[in-house]
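Here the structure is laid out as structure tokens; the discussion comes afterwards.
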Amino acid sequence: MTNLYVPNPDATGIARIYRGAADLPLSTDNPDVFPPEDHWTLALAEALTRLHERGELKDQKVIELGAGSGVNMLGLFALGHYFSQPPSFVGLDITVEAVKACKDLAKLHGFEDKVILGQANLMDGVDPSVLEGTDKVIACLPQVAWDYEDKGRDPLPREYSDYYIIPEDQRVKEDDYALGLLARALDQIHQKTPKASVIFNIAGRQGQLSHDLFVEHGFPNVEKVVSRIIPHDPLTSLTSFSKWEDKSGKLCAFFTDEEGRNAISAREAEERRVAGQPLYHELSVVHASPSV
């Protein structure tokens with residue numbers, strides 16, 4: 001079993017954020033899972049570490065939606081969130097490739113029999129006994145809708161980390177501004193694990209709507225644990241945001257600078273992205289709890 005607890009002053013990225021995790025052998029070159037050193041992964045890792053240091057993850061049963069490479073599962077283990085029976089960690093992902101990556105990582109570190117890992121679209125079809133007693137639901141879910149008109153094809157496994165599919169018969173108002181998947185997740189959590197709080201990555205591209213989302217879906221106690229301005233992924237199209245601006249008359253919040261001083265619309269942002277010019281937006285990690 002790989003030793004996660006030997007201090008390493010030269011550790012960077014994930015290994016430094018998850019304090020005590022000196023050695024995190026992850027498949028960073030795996031094309032089918034979200035990269036462990038991405039800004040989104042690092043922000044969620046920092047938030048989980050802060051909450052751990054505040055004692056808010058102690059003896060908590062955690063479910064992760066969109067478990068990806070398994071880095072947060074391993075990070076919680078490294079922080080001392082020892083897995084026990086019944087499992088105190090459940091990792092779910094929409095792709096079989098990500099589930100396999102998580103299982104391989106859990107096996108490498110010797111706790112594959114102490115966690116539950118499975119394929120699911122959010123919590124759809126998950127046995128209620130698996131969800132029972134959940135205290136925290138963590139997630140780094142895609143917040144850009146897949147545009148078939150723009151792409152002309154189905155997404156590849158890795159692209160499910162960046163985009164989500166909108167079922168035409170299940171559209172919700174938040175799909176118009178690319179927060180539909182998060183809205184569905186919050187509704188499912190509120191229904192299936194009503195006492196659980198959530199720890200979600202969320203981009204601030206939609207301004208106040210990004211905060212209001214939690215309140216409107218049953219999580220009125222909202223705290224930003226981490227907030228930063230990050231570069232926009234140059235491969236992620238913003239056409240859906242431009243369409244929402246045209247339809248709603250509202251403007252998104254993108255920036256031309258890393259200080260977040262010069263705000264521009266999604267249409268201007270998409271022009272900059274296509275031209276290969278610098279582009280930024282806010283990224284927050286929100287800890288929100290229900291009113292019950």
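The values are calculated or read from the model by the stated rules, or taken from the named source; none is laboratory data. Quantities reported herein were computed from a predicted structural model and do not represent experimental measurements. Using ideal geometry, Cβ is built from the backbone for each residue, glycine included, and neighbour counts are taken over all protein chains shown.
Which residue, of R153, R158, is of a type in the set (K, R) and closer than 23 Å to L283 by Cβ?
R158
So, of the residues in the range 158-191 that are among the charged types (D, E, K, R) and not in a helix (DSSP H, G or I), which turns out to be nearest to L213 (Cα to Cα)?
Applying the filter and picking the extreme gives R171.
If the requirement is being assigned to a loop (DSSP other than H, G, I, E, B), surrounded by fewer than 18 Cβ atoms within 10 Å (Cβ to Cβ) and without any contact (Cβ under 8 Å) to a residue 40 or more places away in the chain, which of these qualifies: P155, P194?
Sole residue among the options that is assigned to a loop (DSSP other than H, G, I, E, B), surrounded by fewer than 18 Cβ atoms within 10 Å (Cβ to Cβ) and without any contact (Cβ under 8 Å) to a residue 40 or more places away in the chain: P155.
Determine whether L105 is over 30 Å from Q208 (Cα atoms), buried (at least 22 other Cβ atoms within 10 Å of the Cβ) and not β-branched (V, I, T).
Answer is yes for this residue.
Can you tell me which of T28, T12 is surrounded by fewer than 20 Cβ atoms within 10 Å (Cβ to Cβ), closer than 23 Å to L156 by Cβ and either modelled with pLDDT of 75 or more or of a type in the set (S, T, Y) (or both)?
Going through T28, T12 in turn, just one is surrounded by fewer than 20 Cβ atoms within 10 Å (Cβ to Cβ), closer than 23 Å to L156 by Cβ and either modelled with pLDDT of 75 or more or of a type in the set (S, T, Y) (or both): T28.
With D135, D124, D59, D113 as the choices, which residue is over 19 Å from E159 (Cβ atoms), surrounded by 16 or more Cβ atoms within 10 Å (Cβ to Cβ) and among the charged types (D, E, K, R)?
Among D135, D124, D59, D113, only D135 is over 19 Å from E159 (Cβ atoms), surrounded by 16 or more Cβ atoms within 10 Å (Cβ to Cβ) and among the charged types (D, E, K, R).
Just to be sure I understand, how many residues within the range 227-278 are in contact with a strand residue (DSSP E or B) (Cβ under 6 Å, 6 or more places away or on another chain), hydrophobic (A, V, I, L, M, F, W, C) and not in a strand (DSSP E or B)?
Result for the range 227-278: 2.
I need the full set of residues from the range 235-268 which are free of Cβ contacts under 8 Å to residues at least 60 places away in the same chain and among the β-branched types (V, I, T), in order please.
T256, I264 - these are the residues of the range 235-268 that are free of Cβ contacts under 8 Å to residues at least 60 places away in the same chain and among the β-branched types (V, I, T).
Scan H281, H232, H287, H217 and give me the residue that is surrounded by 18 or more Cβ atoms within 10 Å (Cβ to Cβ), under 18 Å from the mean Cα position of the chain (by Cα) and free of Cβ contacts under 8 Å to residues at least 40 places away in the same chain.
Only one candidate qualifies: H217.
Within the range 136-143, is even one residue within 14 Å of the chain's Cα centre (by Cα) and among the polar types (S, T, N, Q)?
Yes, some residue in the range 136-143 is within 14 Å of the chain's Cα centre (by Cα) and among the polar types (S, T, N, Q).
If I ask for residues that are out of contact with any His (no Cβ under 7 Å at 6 or more places or on another chain), under 19 Å from H39 (Cα atoms) and surrounded by 15 or more Cβ atoms within 10 Å (Cβ to Cβ), which ones from the range 254-268 would you list?
Hits for the range 254-268 are T256, G260.
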